[in-house]
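Reading through the structure tokens given below for one structure.
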Ligand SMILES: C[S@@+](CC[C@H](N)C(=O)[O-])C[C@H]1O[C@@H](n2cnc3c(N)ncnc32)[C@H](O)[C@@H]1O
């Protein structure tokens, strides 16, 4: 992967053409890209500086995503033009050979002059760039339909999240989203009796358990307002990205507002069907969520599926105690609000039967932390997860 955080690989003039209806535009673009570690394909992406005629054309065509060809002095490539970002720039995405030299031998490549400041020539912003890198990790279908105009990747077409329980209703409430990081989560931690583990220590534990560094790709599932995602992202560099993934619009909007960064981006989708190919991420995190989702084992299966061989997973979920009367009481109370209490063995044995190694469990009050490493090769038999 290239280590050009914030700098385009190519900046300059290009010609954008469409076949139907036929159209041609001379545009100024910022482009960058990298090879995917999994499939080895080169993915490139970028922005077109504001362009009135292109605006009019896109509006006339009425389509958000249009396929065309982008040509520069050094080459051409098939490109998808999607919607404008906050600064009025159309987003571009392509796969395969990019329309610029990838080895840095162009005069414009890696020029590093990112000091332009007016709106029309502003450098690609770091946060928008992190979002592009995250979108590049998605399956082609998801990339084609994703909507990016609000600063995150919307994968559910704006459909509201299902809220069948009191707990899920809370997670989809704007007020809860706005106080979640500072008040709600710390109160929850106190209630779960995490034995003096501060928020900072809990975040550091996630970083250590996931063994984060450099240009790793990290998926933070059920990321809420990004309270862990942002912290995970600060341990990455280069093209590394931590993608917070959550189903709640208020939570994601809050994450975009409070916790974006050069290595942190967000997507709204359903963790029961993650839009990533098998083995996409170097690390997968899922804190304080498996006890809230209606199908925790389907989600666990997805977490393991998208983790690359040798990658690390870290979860934090509920622990329902061993003593039968306490357990019964806890289970009855939590079921009423839509929270599942898990026992000590459930996740370590799911991980073990998936062939995971280095399984570690730490129990603190009503919470358990479980981390593990995905085997380098798949276990011999297919796995059905669940107790
Ligand atoms: C308690 S918050 C956890 C936030 C953060 N990970 C933390 O540790 O503080 C649980 C999150 O799970 C999300 N969630 C619930 N069901 C989900 C699903 N099917 N897909 C994605 N996110 C989901 C909720 O929207 C909520 O933001």
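With the structure loaded, tell me whether residue 202 is surrounded by 19 or more Cβ atoms within 10 Å (Cβ to Cβ), touching a strand residue (DSSP E or B) at 6+ places or on another chain (Cβ under 8 Å) and closer than 17 Å to residue 285 by Cβ or whether it fails that test. It is true that residue 202 is surrounded by 19 or more Cβ atoms within 10 Å (Cβ to Cβ), touching a strand residue (DSSP E or B) at 6+ places or on another chain (Cβ under 8 Å) and closer than 17 Å to residue 285 by Cβ. Just one residue in the set 156, 183, 212 is crowded, with 17+ Cβ neighbours inside 10 Å and either assigned by TED's automatic domain parsing to the domain that holds residue 369 or within 12 Å of the ligand (Cβ to nearest atom) (or both); that residue is 212.
Counting only helices (runs of 4 or more DSSP H) that fall entirely inside the range 284-384 and contain at least 1 residues that are more than 16 Å from the ligand (Cβ to nearest atom) and either out of contact with any helix residue (DSSP H, G or I) (no Cβ under 9 Å at 6 or more places or on another chain) or at pLDDT below 95 (or both), the qualifying elements are 324-337, 346-353. The residue list 273, 265 contains one member that is more than 19 Å from residue 184 (Cα to Cα), in a strand (DSSP E or B) and either at pLDDT 95 or above or in contact with a helix residue (DSSP H, G or I) (Cβ under 7 Å, 6 or more places away or on another chain) (or both), which is 265. Taking the criterion of being part of a loop (DSSP other than H, G, I, E, B) and touching a strand residue (DSSP E or B) at 6+ places or on another chain (Cβ under 6 Å), would at least one residue in the range 186-196 satisfy it? Yes, the conditions are met somewhere in the range 186-196.
The residue of the range 264-283 that is farthest from the chain's Cα centre (by Cα), among those that are closer than 21 Å to residue 232 by Cα and away from the ligand (no atom under 12 Å from the Cβ), is 279.
Just one of the listed residues (170, 177) is under 19 Å from the mean Cα position of the chain (by Cα), part of a helix (DSSP H, G or I) and either in contact (Cβ under 8 Å) with a residue 12 or more places away in the chain or near the ligand (Cβ under 9 Å from one of its atoms) (or both), and it is 177.
Can residue 133 be described as modelled with pLDDT of 85 or more and more than 13 Å from residue 243 (Cβ to Cβ)? It would help to see each step written out before you state the result.
Values: modelled with pLDDT of 85 or more: yes; more than 13 Å from residue 243 (Cβ to Cβ): no.
In short, no.
Inside the range 218-263, can you point out the residues that are near the ligand (Cβ under 10 Å from one of its atoms) and more than 20 Å from residue 180 (Cα to Cα)? Scanning the range 218-263 gives no hits.
Restricting the first member to the range 149-165 and to residues that are without any contact (Cβ under 8 Å) to a residue 12 or more places away in the chain, and the second to residues that are part of a loop (DSSP other than H, G, I, E, B) and crowded, with 16+ Cβ neighbours inside 10 Å, the beta-carbon pairs closer than 7 Å and six or more apart or on different chains are 163/172.
The values are calculated or read from the model by the stated rules, or taken from the named source; none is laboratory data. In this text, all values refer to a predicted model and were calculated from it rather than measured experimentally. No Cβ is skipped: glycine too gets one built from the backbone with ideal geometry, and neighbour counts run over all protein chains shown.
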